[in-house]
Amino acid sequence: MIQTADEASYFAPPLNYLEKGVWADNSDGLTRFYQRPPGYGTIYLILKFTLGKYALLGLKGIQIIGFFFSILLLGKICIKLLSSEKTTIGITLVFALLPMYSGFMYYTLTEGITPFLTLWSLYSLVNMDTIKKPYGIIFSNAFLILVRPQLILLPLLFLVYFFIKKEKKQTLLILLAFLPFLLWQIRTFSISNELPSLHPIYSKYNKTLFRPSHEKMTELFRIWESDGEQFHSAISSINNSKVNVALSNIPIQLQAKVAPVLNAYETVLNSKHKINSTKFQYQENKFSVLINKTTVQLKTENKFLNHIKTPLKSAYYLLSKSQMNLFIFQETFRGNFLVELLRIISVVVINLGFLSAFLILIRFKMDYLTIISSFILLSFFYLIYIQRLNEERYLTPLLPLLLICLFHEISRLKMVLWKY
């Protein structure tokens, strides 16, 4: 199993729950109780309870089995949506054999399980008219949301579709699937006394980096930055009193106005006063006034950069990645002709998948494929315009759905050419 830094927030809550009866990670602050949704942690809780020290081995097994069933689910979805045995065989072969679809199954990240959960959710949604027992429909969608709340858009779009079509049973089942996440949000609200976001990592009660000042820095950097790693690197430089290093990676035309903010943030991060003291609160409030003013000013003066150029940079960043994340491709055989050819094929397949989703959407036809395309493109828009600071793995749950769209358009093109 390839272990990651995210384990600290995903696995600590179930471990603390087993030892102390409290679901919380080990960070110092209020968000320790709700920073991560409980889905992935619940899997680890069950494995830790049943397998003990072999819990990680069990998780690896579950994620490998999950990918195996993803292939089967993808095949069943294609039979339903594309109605072609040859197309189904082709799509499942590509999905099973191209390494970009299976790389994260070895990681302790939600991306190791979200492709399976997304396909399970989609399978249940497109087959709601034939599935007799509703438990699988409710559980698959509920668990998908509890593992990765951002994917709530998939069942939400189907909810709207069935509501418009006045399918009462299907609408009710999807609403029931939202209930566990709603209860989790109510728990979060009861602790924080604030309306929770999909990723509530910030709190003024935190004694960690993730305070409102960090949130405001994120908003500022989103004006020009599209790479999440660059942002975290800049924050690390500021924290280590290397403001000039952070400033050097900011567009030259913005540096003069951003420099005072970075210096002020360095003062906040390295303050000698305790976080809960009046003097520290004064420092942070003073910083908030400065950064709010600077952010508004830069957004006003750099509309093209903020609304067009940076989202396009974010899109390019995501669309230029092959998703071949394993060390063997990134380091061991990097530069090898076959590996580089595979990398190019992977990038082309992903981009053609997005093009296919767009072509399906502009047909303006009310069907399941349109919903899938809407989910893909709206999720992508959220990543590049709202979130902006991305990592390539954020596309992982979308990859099998892009493949469905691509093969649908290939089949349609073949039919059009066959007529001529």
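Points worth noting:
- Three-way shape label, the stretch 247-400, alpha-carbon gyration tensor, a/c 1.5: prolate
- Ligands, DNA and RNA left out, the 1.4 Å accessible surface of the stretch 1-44 is 51% carbon and sulfur atoms.
- Of the labelled figures [x] 72, 52, 50; [y] 95, 74, 33; [z] 66, 41, 40, only one reflects Cα extents along the principal axes in Å as derived from the coordinates, namely [x].
- Values of log10 I(q)/I(0) for the stretch 361-420 across q = 0.12, 0.22, 0.25, 0.28 Å⁻¹ run -0.38, -0.93, -1.06, -1.16, by the Debye formula with one identical scatterer at each alpha carbon and no solvent.
- Taken per residue, the accessible surface of the stretch 278-420 reaches 56 Å², heavy atoms only and a 1.4 Å probe.
- The stretch 135-214 - percent of accessible surface contributed by carbon and sulfur, probe 1.4 Å: 71
- Accessible surface of I328 - all protein chains present, 1.4 Å probe, nearest 10 Å²: 80
- Cβ-derived FRET efficiency at R0 45 Å, N244 paired with K166, nearest 0.05: 0.15
- The stretch 301-336 and the stretch 44-74 have Cα centres spaced 30 Å apart.
- In the context of the full protein assembly, I345 retains an accessible surface of approximately 70 Å², using a probe radius of 1.4 Å and ignoring ligands and nucleic acids.
- For the stretch 125-269, the solvent-accessible area of protein heavy atoms averages 50 Å² per residue (probe radius 1.4 Å; ligands and nucleic acids excluded).
- Stretching L355 away from N285 to a fully extended chain increases their span by 20.6 nm, per 0.36 nm per residue minus the current alpha-carbon distance.
- With Cα atoms, 0 to 90° folded angle of helix 228-239 axis to the chain main axis: 10
- Toward the positive end of the charge dipole of the stretch 105-187, with +1 on the Cβ of Lys and Arg and -1 on the Cβ of Asp and Glu, the farthest Cα among Y107, L146, F162 is that of F162.
- Structural descriptor for the stretch 307-389: relative contact order 38 percent, calculated from alpha carbon pairs under 8 angstrom and at least 6 residues apart.
- Calculated SAXS-style log₁₀ I(q)/I(0) at q = 0.24 Å⁻¹ - the stretch 311-420, Debye, Cα scatterers: -1.29
The values are calculated or read from the model by the stated rules, or taken from the named source; none is laboratory data. Remember, predicted model here, so these are calculated numbers, not experimental data. Reconstructed Cβ throughout: ideal geometry from the backbone, glycine too, with neighbour counts over all protein chains shown. Heavy atoms of the whole protein, side chains included, go into the accessibility calculation; ligands, DNA and RNA do not. Shrake-Rupley method; radii C 1.70, N 1.55, O 1.52, S 1.80 Å.
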